[in-house]
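A short write-up of the structure that comes next.
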Amino acid sequence: MTVGLTLLLAACAGLSRAASAGSFSASSVEESSPRVEYIEDKAAELKDAVANPTSDAQQLHALAQRLFERIPEKTSSDIPAVSLRGWEKPERRSEGNVDGLMQKMREGLEIHEVPAPAQTQMIDAYLYGDAMRRDRLMRYDEDDKLTPAQIGAYEYTEDSAVAILYNKAMRIIQRFLGDEFAASTAVHESAHTRDHYQGKLNPIEVKKGEKLAFETEYWWLKIVDPSGEKLCWARATLGKFGAGRLKAPDYVGDYLEHLASIRDYGDKGDLASLVDKLGYQDRKVNPFH
Ligand SMILES: [Zn+2]
C-alpha cells in the first residue's frame with residue numbers, strides 16, 4: 001500500500017491576493033519608472049498653474065490635456081506598458097531533466113544566503129531529495145499517474161520512500177521558467193521525504209505534512225528571490241499578466257500564481273490557510289493499518 005502526497009496546482013488558480021492589482025502594482029511601480037515620473041511632473045505643473053492667479057483657462061486646459069493623455073481611461077482596453085528595466089529576472093536556464101532541479105537546489109543553497117531558521121530544514125530537504133535522485137526514485141510521471149492538477153507527488157509506504165514524481169508538464173515549466181523556479185516543486189517533495197524519515201509525516205495528518213513542505217518551499221522562494229522581483233517579472237512577462245512574445249502556456253502561468261500564493265501566505269505566516277484553500281484533507285483512517 002502506497003500513499004501519495006500530491007502538490008495541488010489547479011485548485012489555486014483562482015486564488016491569490018498576490019495576483020490582485022493591489023499587491024502586484026505595488027511592485028510594478030518603480031521609483032525610476034519614467035511613466036510615473038512623467039505623471040508626477042505633469043500633475044505638479046498643473047497644481048502650480050491652478051494655484052497661480054495669472055494662469056488663463058487656455059493654459060490650464062493645455063496642461064490638463066498633457067497630464068491626462070498619458071493616463072488610460074478606466075474602461076480602456078489599453079494596458080500601459082510597465083517598464084521592467086532593472087528588475088531582477090529568474091535564472092531561466094534549464095537542464096531539462098530532474099538532475100537539473102536538484103543541481104539548482106544545491107546551487108541556490110550554496111550561492112544565496114540562507115536565513116538561520118531555514119538552514120537545517122533546507123539542507124536536510126536537499127540531502128533527502130538528492131538521495132532519492134541518486135537512487136533513481138525521482139522521475140517524471142511517464143505512466144500518467146498524476147492528474148493535470150498534480151504537479152508533483154511523494155509516494156511512500158509506512159517506513160520507506162517509494163518515489164518522487166513530477167507531472168510531465170514539469171518539463172514545460174522548466175523550459176519556460178528555468179530550473180530555479182521549477183526547483184520549488186523539487187524542494188516541496190524533498191521536504192516530504194525529509195519529514196517522512198524524521199517521523200513528522202503520517203498519512204492521517206495530511207494538512208500538517210503539507211504545511212511543513214510549503215514552509216520549506218516558501219523559504220526556497222525567499223532564498224533565491226528575496227525581493228520578489230524575479231517572481232513579479234516572471235508573472236508580468238511569462239505568466240498570466242504577460243501579453244508579449246514571451247508569454248508562456250497557461251499551465252506555466254498557473255504555476256507562477258501558485259508560487260505567488262505560497263509567498264503571499266508565507267509572508268503572512270499563515271501557510272495553514274493556504275493548505276486549506278488548496279483543498280487538502282486529513283484522513284480518518286490510516287491506510288497502512
Ligand atoms: Zn505536498
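Between Arg106 and Leu84, what FRET efficiency comes out of the Förster formula 1/(1 + (r/R0)^6) with R0 = 35 Å and r the beta carbon distance, rounded to 0.05?
That pair, Leu84 with Arg106, gives E of 0.75.
Taking 0.36 nm per residue of separation and subtracting the Cα-Cα distance, what length does fully extending Asp135 through Ala243 add? The partial results should precede the final answer.
Working: separation 108, 0.36 × 108 = 38.88 nm, distance 4.18 nm.
Once the chain is fully extended between Asp135 and Ala243, it gains 34.7 nm.
Please go through the residue pairs Lys222/Lys277; Lys211/Lys268; Lys222/Lys247; Lys168/Lys211 and name each one whose alpha carbons sit more than 18 Å apart in this structure. Walk me through the intermediate numbers first.
Working: Lys222/Lys277 21 Å; Lys211/Lys268 14 Å; Lys222/Lys247 24 Å; Lys168/Lys211 25 Å.
Cα-Cα > 18 Å for Lys222/Lys277; Lys222/Lys247; Lys168/Lys211; rest within.
Which of Val114, Val162 has the fewest other C-beta atoms within 10 Å, and how do the rest follow up to the most? Mind showing how you got there, number by number?
Working: Val114 19, Val162 15.
Ranking Val114, Val162 by Cβ neighbours within 10 Å, fewest first, gives Val162, Val114.
Compute the distance in nm between two label points, each set 7 Å from the Cα along the Cα-to-Cβ direction, one at Lys47 and one at Arg93.
Inter-label distance under the simple model: 4.8 nm.
Taking a cut-off of 12 Å between Cα atoms, list the aspartates and glutamates near Lys208, but don't count ones fewer than 8 places away on the same chain.
Filter leaves Asp195, Asp276, Asp282.
What is the order of His289, His112, His258, fewest Cβ neighbours within 10 Å to most?
Arranged by neighbour count, lowest to highest, His289, His112, His258 become His289, His112, His258.
Read-outs throughout are calculated quantities, based only on the coordinates presented, and are distinct from any laboratory measurement. Computed from a prediction, not measured in an experiment: that's the story for all the values here. Every residue, glycine among them, receives a Cβ derived from its backbone with ideal geometry; neighbour counts consider all protein chains shown.
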